[in-house]
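J.: Just passing along the structure, written as structure tokens.
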Amino acid sequence: MIFTEDQFALKEAADRFAREVLLPGYQKRENQPFDRDLAREMGSLGFIGTDLPEELGGLGQTSITTGLVAEALAYGDFNMAALPVNVSLNAAVLLQHATKDIAEEWVPKMIAGEKLMAICLTEPRGGSDAARIELRARKRGGDYVLTGEKTSITFADSADIFLVFARTGSPEDGAKGVSAFFIPEGTPGIARLKFNDIGHRVVGRGSLFFEDVVIPETYRLGPEGTGFTQVMHGFDYSRALIALECIGAARASLDEAWAYSKDRQAFGRPIGQFQGVSFPLAEGESIIEAVRQLAYHTLQLREAGLPHTAEAAMCKWMGPKHAMEVIHSCLLTMGHYGYTFDLPHQQRMRDVMGLQIGDGTAGVMKQIIARQKIGRAAVPY
């Protein structure tokens, strides 16, 4: 993959910020609320919404540039790197399907790092089977009334805006009966519950409860029954970005493990001279570079307007899985010291693990790949 001079310049700026600002506080931030000041600083430096329109505060660059920034930032802090991925996905939905007034008011705030938006798709009875959404949106005059629950929602505790998918049709309509709604902060009737997760704690997951939440019809995104399609198209983009996030975190652990293998002495020489130490790290280098190239290839297909659903699904299951395995190998390279909370490997491993579940499990991704190859013959009945 060949990058332009402008892309390299932005990547270098993100690299410096990741190493000098994000990395030193990565572990300290784990049990703290999402750092809004840090988010605004990222926005002011142009690290959020790089692919969004310049007139709204973005840089008007390609999705490949967004991938470079997400990968670079994840080197320093996997959780803060989730912000540009979140904004690029969600803002695109608003720009394509919300009213002009909504998009022009909220997208610049998201790009500036001032406002967070949560996608509310998963429900207690439907994660991977998202077409079976039960949360209801009943039409009442010029309004909709939403009742139900969403769960396993990223940024549930800290989001200012919600992109909610609700059933406007009958259950028999499946995905065609699902519509999308924009719900801003301050809307009455919404309660939150934060989960006590293993990792990715800064970003956080939780449940949202909607009790007769009234919103105007103008908050519906696009025609009724098109919500599910809207978000599914966006996931092809975010899945490649997620892989690059995971690769950024694995890259940081690899660099630290290589440095340790040069300095640590055993039997009178650096442990890097032992193939039992160096070969696992060499394998890690090979694996994450392969996944990295696949992710940028996927983004390149997207930029060319070519199909990339299968490639995006490959990125999504391979990125978190292999990144976690590589980070684990780096932890073991550090021996007994690696098995402490003093070093960041354990946190990176826990943070990356969450992406093996969120935004689609490996099993679902492989099902998508199979369906792209043999069509409905791959769909279980």
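J.: Residues that are modelled with pLDDT under 95 and touching a strand residue (DSSP E or B) at 6+ places or on another chain (Cβ under 9 Å): list the helices (runs of 4 or more DSSP H) wholly contained in the range 57-122 that include at least 2 such residues. So that I can check it myself, show each step before the final result.
T.: Numbers: elements: 63-76, 82-97, 100-111.
Qualifying helices (runs of 4 or more DSSP H): 82-97.
J.: Filter the range 324-348 for residues that are among the β-branched types (Val, Ile, Thr) and more than 22 Å from Gln273 (Cβ to Cβ); which is surrounded by the most Cβ atoms within 10 Å (Cβ to Cβ)? I'd like the intermediate steps shown before the answer.
T.: Step one: list which residues in the range 324-348 are among the β-branched types (Val, Ile, Thr), which gives 326-327, 333, 340.
In the following step, the residues that additionally are more than 22 Å from Gln273 (Cβ to Cβ) were identified as 327, 340.
Details: Ile327: 30, Thr340: 11.
Going through the qualifying residues, I end up with Ile327.
J.: Still on this model: How many residues are more than 12 Å from Cys330 (Cα to Cα) and either among the polar types (S, T, N, Q) or not assigned by TED's automatic domain parsing to the domain that holds Leu299 (or both) if we restrict to the range 234-284?
T.: Filtering the range 234-284 down to residues more than 12 Å from Cys330 (Cα to Cα) leaves 234-248, 262-276.
Subset that is either among the polar types (S, T, N, Q) or not assigned by TED's automatic domain parsing to the domain that holds Leu299 (or both): 238, 265, 273, 275.
Going through the range 234-284 one residue at a time, the tally reaches 4.
J.: Report yes if Ile161 is in contact with a helix residue (DSSP H, G or I) (Cβ under 7 Å, 6 or more places away or on another chain) and in the same structural domain as Met42 (by TED's automatic domain parsing), otherwise no.
T.: Working: in contact with a helix residue (DSSP H, G or I) (Cβ under 7 Å, 6 or more places away or on another chain): yes; in the same structural domain as Met42 (by TED's automatic domain parsing): no.
For Ile161, the condition - in contact with a helix residue (DSSP H, G or I) (Cβ under 7 Å, 6 or more places away or on another chain) and in the same structural domain as Met42 (by TED's automatic domain parsing) - is not met.
J.: Follow-up. Please tell me if Met110 is in contact with a helix residue (DSSP H, G or I) (Cβ under 6 Å, 6 or more places away or on another chain) and within 17 Å of Gly60 (Cβ to Cβ). Don't jump to the end; show me each part of the working.
T.: Working: in contact with a helix residue (DSSP H, G or I) (Cβ under 6 Å, 6 or more places away or on another chain): yes; within 17 Å of Gly60 (Cβ to Cβ): yes.
Answer is yes for this residue.
J.: Just need a number here: residues in the range 1-41 that are polar (S, T, N, Q) and free of Cβ contacts under 8 Å to residues at least 40 places away in the same chain. Break it down stepwise before answering.
T.: At the first step, the residues of the range 1-41 found to be polar (S, T, N, Q) are 4, 7, 27, 31-32.
Among the residues that remain, those that are also free of Cβ contacts under 8 Å to residues at least 40 places away in the same chain are: 4.
Total satisfying the criteria: 1.
J.: Can you run down the residue pairs with Cβ atoms below 8 Å, 6 or more apart or on separate chains, where the first is in the range 145-162 and more than 23 Å from Met80 (Cα to Cα) and the partner is polar (S, T, N, Q)?
T.: If the second residue must be polar (S, T, N, Q), the pairs left are Glu149/Ser207; Lys150/Thr122; Lys150/Ser207.
J.: For the list (1) of a type outside the set (Gly, Ala, Ser); (2) over 19 Å from Arg239 (Cα atoms); (3) free of Cβ contacts under 8 Å to residues at least 40 places away in the same chain; (4) part of a loop (DSSP other than H, G, I, E, B), I need the number of the one condition that Phe47 fails.
T.: With (1) of a type outside the set (Gly, Ala, Ser); (2) over 19 Å from Arg239 (Cα atoms); (3) free of Cβ contacts under 8 Å to residues at least 40 places away in the same chain; (4) part of a loop (DSSP other than H, G, I, E, B) applied to Phe47, the lone miss is (2).
J.: Considering only the range 290-381, give the helices (runs of 4 or more DSSP H) lying wholly within it that have at least 1 residues that are hydrophobic (A, V, I, L, M, F, W, C) and closer than 19 Å to Tyr237 by Cβ.
T.: Working: elements: 309-333, 345-353, 362-374.
Passing ranges, in order: 309-333, 362-374.
J.: Looking at the range 1-10, is at least one residue modelled with pLDDT under 95, touching a Ser or Thr at 6+ places or on another chain (Cβ under 9 Å) and charged (D, E, K, R)?
T.: yes
The values are calculated or read from the model by the stated rules, or taken from the named source; none is laboratory data. These numbers come from a predicted model, not from an experiment. So basically every Cβ, Gly included, is an ideal-geometry build from the backbone, and we count neighbours across all protein chains shown.
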